[in-house]
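The values are calculated or read from the model by the stated rules, or taken from the named source; none is laboratory data. As the structure is a computational prediction, the values presented were derived from the model and not from experiment. Because the Cβ atoms are built from the backbone with ideal geometry, glycine has one as well, and the counts that use them run over all protein chains shown.
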2 protein chains.
Amino acid sequence: MAKYKNVADELRKQIKQGNYPKGGQLPNQNELAEKFDTSRVTIKKALDLLSVEGLVFSVQGSGTYIKKNIAQISDTGIKIGQNIGLTHQIGEQTELVNKVLAFNVRFPSDEECEQLMIKNESPVYEIKRLRVINNRPYSIEYSLLPVELVPNITPAILEHSVYDYIRQDVGLVFGGNQQFIKAAPPNEEDRQYLNCKDNEPVLEVTKVMFLENGRPFEYSKVRHRYDMVEMCFNNTQQE
Amino acid sequence: MAKYKNVADELRKQIKQGNYPKGGQLPNQNELAEKFDTSRVTIKKALDLLSVEGLVFSVQGSGTYIKKNIAQISDTGIKIGQNIGLTHQIGEQTELVNKVLAFNVRFPSDEECEQLMIKNESPVYEIKRLRVINNRPYSIEYSLLPVELVPNITPAILEHSVYDYIRQDVGLVFGGNQQFIKAAPPNEEDRQYLNCKDNEPVLEVTKVMFLENGRPFEYSKVRHRYDMVEMCFNNTQQE
DNA sequence: TAGTGGTCTAGACCACCCT
DNA sequence: GGGTGGTCTAGACCACTAA
């Protein structure tokens, strides 16, 4: 583990524990560098991480401060960008059931080829799952995975966590992802599986997941019941 | 302007011009450092920027490559996190009209105080605007701005761009923002102003905008017609 | 003016990929 | 084993803030 990540972890822990008062100032970068026995550049990199996470902000010439409204950010909604999979994203007392509605293999369409950067002849798994949380329908997920990248998927895997399987068993390392989010009126399947009434919309999230090496390994569309999910996003300094 | 931003700008321009083939490899960091007459660390920082933007990705031990599906990312939808304001986010041939539906001053509620980090006695502007693009209703925006931070707002400003006013006339510098996104059934105002039918939902975006010094200067809720907007988001390496 | 964060450099070592 | 990116250091200079 890189040193700057360790420093960030430690500072994050201390901040969340309340060792520094909310709205308060952190020690300056030189002090932190000494305290963590490292260089100032490394401290800066750690602080940049925390800044992206929305925990602190820095003002040139003044100092680095702890944001006042931290609690709400980390507790509400689902963080955009986290690719740990829904299985690990929900709380402790909640019960998540993945019901497999469809599981096939087929050749991809032209659009799917482009998104997944594969050839037309390269087969993909086509998966449709219903997510149920505490006995309430939560979302329908339509996902495509190239067989050559993620082989040997089974219904048992689908009922647990695909991402766990990909990481732990296939041994792939995740990179970034792209997401497109919009609202949509309910369609037939939303009404059937999510119990949407005519005026109850869904939040549709289209996502392409990438490996560390830049190859896409999943192209998915998830339709959430509007009252079960809120996506949250934290954006840092621009120019 | 920082050197690493200049390097990023230059590389971005070259990539978008197609000087490097899509899916191709960039020169290695040492070559780039020499070419731009700078250090490798600075090159790395520039490449990190482009990586966050989704233009390139790096593989340790192998090289830095140009992403294949760039066009779609930059052209579709509205980028989450850009705080340039809608006025500058839409294209050239489009006509944006801001119709002011309400413009008041009042004291904030407790929740609003917390979001804006101000006191109950500190007045806020309360603004309701309808956005119309090419004669089609686009979104309703409800926003609150502390009078002490952003004084002297006028209807004329509201019809143009509030963000332009804040930056150019008030002279404040923007920092980051937090956004919460969900789908919602249409309410009375959505039906009235956005012409939503009963089954036509809205995409609701709640946003807190921060200044460079960490102070919030705007708390807003925007309800978009579901068929007029898609938010897109690009997320990079985790772990 | 003193203190702080932002940036930059040159050089170094390591982990990883590919052949 | 040679090439690549990831990280780290010590020291430096600058821009900005705050008194």
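Observations
- Members of the stretch B:49-60 that are out of contact with any Asp or Glu (no Cβ under 9 Å at 6 or more places or on another chain), of a type in the set (A, V, I, L, M) and under 14 Å from residue A:210 (Cα atoms): B:52, B:55, B:56
- Only one of B:159, B:230 that is under 25 Å from residue B:52 (Cα atoms), surrounded by fewer than 18 Cβ atoms within 10 Å (Cβ to Cβ) and in contact (Cβ under 8 Å) with a residue 40 or more places away in the chain: B:230
- In the stretch B:14-31 there is no residue that is β-branched (Val, Ile, Thr) and touching a Gly at 6+ places or on another chain (Cβ under 8 Å).
- Residue count, the stretch B:7-48 (criterion: farther than 22 Å from residue A:214 by Cα and touching a residue at least 12 places away in the same chain (Cβ under 8 Å)): 5
- The number of residues in the stretch B:189-209 being more than 21 Å from residue B:144 (Cα to Cα) and surrounded by fewer than 20 Cβ atoms within 10 Å (Cβ to Cβ) comes to 6.
- Applying the set (1) facing another protein chain (nearest Cβ under 7 Å); (2) over 30 Å from residue B:1 (Cα atoms) to residue A:196 leaves exactly one unmet item: (1).
- Residue A:181 meets all of the listed conditions (1) closer than 17 Å to residue B:232 by Cα; (2) surrounded by fewer than 22 Cβ atoms within 10 Å (Cβ to Cβ) but one, namely (2).
- The stretch B:33-71: number of residues that are away from DNA strand C (no atom under 11 Å from the Cβ) and of a type outside the set (Asp, Glu): 16
- Residue in the stretch B:124-141 that is crowded, with 17+ Cβ neighbours inside 10 Å, out of contact with any Ser or Thr (no Cβ under 6 Å at 6 or more places or on another chain), within 14 Å of another protein chain (Cβ to nearest Cβ) and over 19 Å from residue B:222 (Cα atoms) present: no
- Enumeration of residues in the stretch B:38-57 that are more than 25 Å from residue A:113 (Cβ to Cβ), within 11 Å of DNA strand D (Cβ to nearest atom) and not in a helix (DSSP H, G or I): B:39
- Listed by position, the strands (runs of 3 or more DSSP E) enclosed by the stretch B:195-239 that each have at least 3 residues that are within 30 Å of residue A:210 (Cβ to Cβ) are B:202-211, B:231-235.
- Residues (modelled with pLDDT of 85 or more and out of contact with any helix residue (DSSP H, G or I) (no Cβ under 7 Å at 6 or more places or on another chain)) located in the stretch A:218-239: A:218, A:220, A:221, A:222, A:224, A:225, A:226, A:227, A:228, A:229, A:230, A:231
- Against the conditions (1) of a type in the set (Lys, Arg); (2) within 14 Å of chain A (Cβ to nearest Cβ); (3) near DNA strand C (Cβ under 9 Å from one of its atoms), residue B:3 satisfies every one except (2).
- Scanning the stretch A:63-99 for residues that are over 18 Å from residue A:19 (Cβ atoms) and modelled with pLDDT of 90 or more gives A:98, A:99.
- Pick from the stretch A:21-34, criterion away from DNA strand D (no atom under 12 Å from the Cβ) and surrounded by fewer than 17 Cβ atoms within 10 Å (Cβ to Cβ), ranking: nearest to the other protein chains (Cβ to nearest Cβ): A:23
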